[in-house]
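Before we start, here is the structure in question, set down as structure tokens.
No value in this document is a laboratory result; all are computed from the given coordinates. On a predicted model such as this, the values are computed, not experimentally measured, just so you know. Because the Cβ atoms are built from the backbone with ideal geometry, glycine has one as well, and the counts that use them run over all protein chains shown.
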């Protein structure tokens, strides 16, 4: 990874961290945020989709730690 | 002549039987998983899914899986996953030696225990995957912490894997280790907007050549030779945005780079809508583009150090579209309690290499007493 790429990562993470002090969503306002459509965690169908896409494509990761995978990878 | 016909008939029967075997394995596994749904677990949830994959090479993969979650207390949760991949008429690399198709099966089991400590959560777990000619064993740990009245979540994880490919048809077993680290920040900006940025680094050492895929080296089909070290970086940015009228928009982007010079960009956009209180429908589009590895060539001459026939190291683009519906009937699904949700999903994938696949998923999420 080049210095430029490292810089981009650092800027993204810093920008996200900086947001920590800005948001003022109160617990009683989190109804929409709790909707299943707003959740980042993968359900079984999405996890399977990711699994087979990684078996067909050269890249992987970005959304959480990986297991050892399978022989198809 | 009669003998030839008889031989042909028995071969057809043998092929048909061999193609039925993965289906039987998948159906048996699904039956066991559904039987588990009938057990009276306490304060738990069980997701049972059945995935069917078929591609333009004639490969079919049937994959039932189950994810079970049990709360032992208000601070400790156990998660178990068990899955099977039953593969028939395996890929073109198998067809070279097995013209009638070759079957494969994979079993994967995953366990994780999550413990809450105030605003922090610690998860420790592991995964074992076994199949013909490949074994993977992984240990993983992750930690997350809520900040700013739970509007910000900082998470990180680490995994170590020992992978052991067997160089079929020989009995030689190679070794490969993978170390994976991940960090993310999830931020709720408004009551309808949440974002996540993440970074993942993955270092793989050891044997990384695909032992089944061949390329032309001086005109002769030859198993490739890939470097023994690969470092992979991925940066992701994701958005979930609530829109008016019970509609939700999602956008994901991932940038990827590795030391073999494979670079990729992945974009995904989706919309979901609540049709009343019991049906959620949605669709998504995904575009993927990647460059080839620095040692990739369509064919090789001379005495190159590295060469490959692995399609994952070729340059290509792909597009896929997905449709999905979740239905939660008022009185539950047949023999399952109220609150159970049925999920149906279909994805169509096209790559510029000519590869086309269709993937269907049917699943039920069952809240257990």
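Using alpha carbons only, how many angstrom separate the centre of the stretch B:177-236 from the centre of the stretch B:330-369?
Centre-to-centre distance over Cα atoms comes out at 27 Å.
Separate question: Between residue B:73 and residue B:259, what is the label-to-label distance in nm when each label sits 7 Å out along the Cα-to-Cβ direction?
4.4 nm
Sort largest first and round to whole Å: the equivalent ellipsoid semi-axes of chain B, each the square root of five times a Cα gyration tensor eigenvalue.
After scaling each eigenvalue by five and taking roots: 37, 29, 22 Å.
Treat the count of other C-beta atoms within 10 Å as a stand-in for reagent exposure and order B:267, B:50 from fewest to most.
So the ranking, lowest neighbour count to highest, is B:267, B:50.
Quick check on chain B: helices-only [θ] at 222 nm, where DSSP H runs of length 4 and up contribute -39,500 (n - 2.57) each and the sum goes over total residues. Nearest 500, please.
-3500 deg cm²/dmol
Provide, for q = 0.16, 0.17, 0.23, 0.26 Å⁻¹, the log10 of I(q)/I(0) from a solvent-free Debye sum over equal Cα point scatterers in the stretch B:315-369.
Debye intensities relative to I(0), on a log10 scale: -0.58, -0.61, -0.82, -0.94.
Figure the gain on full extension for residue B:355 and residue B:145 (residue separation times 0.36 nm, minus the Cα-Cα span) and round it to one decimal in nm.
71.4 nm
Once label points are set 7 Å from the Cα along Cα→Cβ at both residue A:36 and residue B:45, what is their separation, rounded to one decimal in nm?
Computed distance between label sites residue A:36 and residue B:45 equals 0.9 nm.
Using a Gaussian network for chain B with springs between C-alpha atoms less than 10 Å apart, which of these wobbles most: B:348, B:230, B:75?
Answer for the Gaussian network model of chain B: B:75.
State the extension gain, in nm to one decimal, for the chain segment bounded by residue B:216 and residue B:52, taking 0.36 nm per residue of separation less the distance between their alpha-carbons.
So the chain would gain 55.7 nm between residue B:216 and residue B:52.
Quote the FRET efficiency, to the nearest 0.05, computed for residue B:158 versus residue B:317 with a Förster distance R0 of 35 Å and r equal to the Cβ-Cβ distance.
Using R0 = 35 Å, I get an efficiency of 0.60.
A further question on this structure: Using a Gaussian network model on chain B with a 10 Å cutoff between Cα atoms, which of B:125, B:354, B:83 fluctuates the most?
B:354
Which angle between 0 and 90 degrees, to the nearest 10, do you get for helix B:2-37 versus the longest principal axis of chain B when only C-alpha atoms count?
The answer is roughly 20 degrees.
Please tell me the relative contact order of chain B in percent, rounded to the nearest whole number, where contacts are Cα pairs under 8 Å and at least six residues apart.
12 percent
Relative to the present Cα-Cα distance, how much length would full extension add between residue B:173 and residue B:303 at 0.36 nm per residue of separation?
Result: 44.2 nm gained on full extension.
Pick out which of B:98, B:287, B:51 has the largest mean-square fluctuation in a Gaussian network model of chain B, springs linking Cα atoms closer than 10 Å.
Top of the fluctuation ranking is B:98.
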